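Worksheet: the structure to be examined is printed underneath.
The values are calculated or read from the model by the stated rules, or taken from the named source; none is laboratory data. Owing to the predicted nature of the structure, the values given are computational and were not obtained by experimental measurement. Please note: Cβ atoms are built from the backbone with ideal geometry, for glycine as well, and neighbour counts cover all protein chains shown.
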Amino acid sequence: MSEIRPIHPDFEYFLELKPITLGALYKALRNYVLSIYPDSNELFYHTHALTSVYAITPKLGSGFIHIPIYNKHLNLGFNKGNLLDDSDNLLQGTGKLIRHIPIEKVEDFKNKKVEKLINKAVAFSLSDVELDNYKTKQSISKIKMAK
């Protein structure tokens, strides 16, 4: 599968430790998100889950989507999902802000309903952020690699 842009090597290292089917599903979902909003900055984390965050600026607070990869599954997370109009009732969760769509196969995300929701998340974040002097399309690792 051809990638829209390279995955940061720190993240790729840990992604390769996941089951190959989960890694392939992650890459397809990542490419889908980046195809919808190619100016996204990517922030890469390795905490309780291996996670990539897609943000308007290089700051976590401007994130609109995230993809946490667990040991056996992954989600398409919406950072301010409870504030979005989810007229198709796609989002799950009960947290203060975050909602998600469980992803088990490509068909779970590659459709017009999810695309519409991602676009709503992008529009919400764009309306909530000052864009002056921010770079786009950056890959930023927040992963602490062992020396």
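Screening Asn41 on (1) without any contact (Cβ under 8 Å) to a residue 40 or more places away in the chain; (2) polar (S, T, N, Q); (3) under 24 Å from Met145 (Cβ atoms); (4) surrounded by 15 or more Cβ atoms within 10 Å (Cβ to Cβ) shows it passes everything except condition (1).
Screening Lys116 on (1) closer than 20 Å to Phe14 by Cβ; (2) assigned to a helix (DSSP H, G or I); (3) basic (Lys, Arg) shows it passes everything except condition (1).
Among the residues here, Lys120 does not qualify as within 19 Å of Ala24 (Cβ to Cβ) and out of contact with any Ser or Thr (no Cβ under 9 Å at 6 or more places or on another chain).
Where residues in the range 112-147 are of a type in the set (S, T, N, Q) and loosely packed, with under 14 Cβ neighbours inside 10 Å, which of them is modelled with the highest pLDDT? Looking at residues that are of a type in the set (S, T, N, Q) and loosely packed, with under 14 Cβ neighbours inside 10 Å, I get Asn119. Scanning the range 1-13 for residues that are within 24 Å of Met145 (Cα to Cα) and surrounded by fewer than 16 Cβ atoms within 10 Å (Cβ to Cβ) yields a count of 6. Restricting Val33, Val53 to those that are assigned to a strand (DSSP E or B) and either polar (S, T, N, Q) or on the phi < 0 side of the Ramachandran plot (or both) reduces the list to Val53. The C-beta contact set for the range 1-27 (first residue in a helix (DSSP H, G or I), second residue among the aliphatic types (A, V, I, L, M), distance under 6 angstrom, 6+ apart or interchain) comprises Asp10/Ile143; Asp10/Met145; Phe14/Leu50; Gly23/Leu15; Tyr26/Ile69; Tyr26/Leu74; Lys27/Met1. Mind listing whichever residues of the range 120-142 are within 16 Å of the chain's Cα centre (by Cα) and either among the charged types (D, E, K, R) or over 20 Å from Gly81 (Cα atoms) (or both)? Hits for the range 120-142 are Lys120, Thr136, Lys137, Gln138, Ser139, Ile140, Ser141, Lys142. Residues of the range 60-102 that are polar (S, T, N, Q) and either modelled with pLDDT of 95 or more or over 25 Å from Lys137 (Cα atoms) (or both): Asn71, Asn75, Asn79, Asn82, Ser87, Asn89, Gln92, Thr94.
From the list Leu76, Leu117, Leu91, the lone residue that is within 28 Å of Ile20 (Cα to Cα), of a type in the set (A, V, I, L, M) and within 12 Å of the chain's Cα centre (by Cα) is Leu76.
Tally time: how many residues in the range 104-147 are among the polar types (S, T, N, Q) and touching a residue at least 60 places away in the same chain (Cβ under 8 Å)? Adding up the residues that qualify gives 6.
Name the residue, out of Leu34, Leu76, Leu83, Leu50, that is in contact (Cβ under 8 Å) with a residue 24 or more places away in the chain and over 22 Å from Pro6 (Cβ atoms).
On the way: Leu34 fails: over 22 Å from Pro6 (Cβ atoms); Leu76 fails: over 22 Å from Pro6 (Cβ atoms); Leu50 fails: over 22 Å from Pro6 (Cβ atoms).
Exactly one residue qualifies, and that residue is Leu83.
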